[in-house]
Amino acid sequence: MEESKTKRAVLYVRVSTEEQVENYSLGSQEEICRKEAIKRGYEVAKIFKEEGRSAKTITGRPVLIQMIDYCRKKTNGVGAVFVYRLDRISRQTSDYLAIRKKLGEKDVTIISTSEPTGDSPTEKLVETILAGFAQLDNDIKSERTKNGLRARFLTGLINTKPPLGYIMHGGYVTKDPETFDTVKKTWDLMATGTKSLSEMAEIMSEWGLRFKKGGRINKISKQSAGRIFRSKFYMGIITSKRYPEEVVGQHTPMITEQQFYKVQSLLDGRTRNKEALSQYLTQENPEFPLRRIVKCGKCGAALTGGYSRGMGGRYPYYRCRKSCGGKSIKKELLENTVVNLLQRVTPSNECKEVFISFILDSWNRRRSRLQKLRTQVDGEITKLHTMRRQLVEKNLQGIYSDDIFKEQNSIIEDKLLKANITRHDETFEKYDMNKIVDFMKSMLSDLAHFYNESDLKQKKVFLSSIFPTGLLWDYNGGLNYKMRSVYQSIYTFDSSIVATGAPSGTMFEPI
């Protein structure tokens, strides 16, 4: 009677994305497995189909998990799992043996329709060997894929999606006709040094640039802008987190090496005049240009400005913001005092001419030194490129490990960055010295006039540049101040000894 009972089995068929392309269909596997089950006297209780799933790991294969759970329930009465080949279950030997053990605990046998399988010791040994061959085949394919990807990378082709401004066409990176020119404009704008990453992100979004991530189209953020302006791909070099080498790409560069390193120098170390910039951070009020510049002589707090009512009108005053007891100062009185101070510290024509001659001489000497330095740096850059090529060759030959390569390449890259910053310093080319000299002559000829003709922002920056710590009102109608070294030098340029404590009520900073 036991032998007359109908035996129950399930079919498990799986196909990966690659196998679908090869027409290794689920239908063909199901038909072969069904015929083999009937031939062996089994009734097919259920069919489990897994499509587009790899057998490298168990994770990510929900149908396989469902099949195992179904077979382990006694109520289902399953005695066998039919598969086309053992590698349908798993291509990892350890995973396959673990699944066979779990099913074996419930007297469920795995039967391959195209390979010898069974419960005898010999059949189990053969089954284990076949599972090992499946893993070996999988490992060989994986190794070939890795080597192929590395070989593709070393020939200058990327294995991932190209960055914004480029598209992949036929396995090669080409210009994106819709975005290439716009992205190049962003590099040109960034190279001017006038925009921050946040500002560039806003501009790029306004220009219609977008990037795709996770099936969504997103605006350019500060972080994504940073990744764009750090990518060597745009100057024709491809890099990879997986491989240590840097390779010249087969794509068309968007920018020059000079422009790339200029942007890197701007991102790495922008220098700002904090004292001058701090004037922009204060609240602007053109009616009280001296607020926050002039300080209280009693407590040192910055003066603020406002109006007082009386005698039927409103009258402007400067006053201490801490109300320390210092009297309010008429706006006209304080501002006239500052103008008079500027008239007193205006350098003489002789000092001005000597100083400008000194500046021009220093400028020419420095430009000459820079030209000589650039010639030396050109040789250093050529030497560093040669060293990097040799380093890559020794890494490929196995002489240097990847860790040693990364360490040495990082040192070379750092030296290249510094050398390129020096080589492409456009400080002298950016400024017209003749215009600068004309501006200096105009300003130094009459500081008071220059101040009166300036707008609010210019006044604040101008006064901060001359008096870095501000002006101190002494409530006796005078101002105490500390003049910046450069202005003090101009003011006393015809003397080798700098006077201190004169004129009355002033303090001079030593040169």
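Legend: P(r) of region 350-433 from all alpha carbon pair distances, 10 Å bins from 0, whole percents, reading 15, 31, 22, 15, 10, 5, 1, 0. With a Cα cut-off of under 27 Å and a minimum spacing of 8 residues unless on different chains, the lysine pairs in region 287-366 number 10.
For the peptides 171-178, 63-70, residues were scored by their other Cβ atoms within 10 Å and the scores averaged per peptide; the highest-first order is 63-70, 171-178. Exposure proxy for Ile228, Ile411: other Cβ atoms within 10 Å of each Cβ, ordered fewest to most, give Ile411, Ile228. Ignoring lysines fewer than eight residues from Lys415 along the same chain, the ones with Cα atoms less than 27 angstrom from its Cα are Lys184, Lys195, Lys232, Lys241, Lys262, Lys372, Lys383, Lys394, Lys406, Lys430.
Counting charges near Lys74 (Lys, Arg +1; Asp, Glu -1) among other residues having Cβ under 12 Å from its Cβ returns a value of +2. Straight-line cross-link reach from Lys74 at under 21 Å between alpha-carbon atoms covers these lysines, not counting any fewer than eight positions away in the same chain: Lys5, Lys7, Lys46, Lys101, Lys102, Lys106.
Every number here is computed from the coordinates shown, using simple stated rules; none is lab data. Predicted model only: the values in this text are computed from it and were never measured. Neighbour counts run over all protein chains shown; Cβ positions are idealised from the backbone, glycine included.
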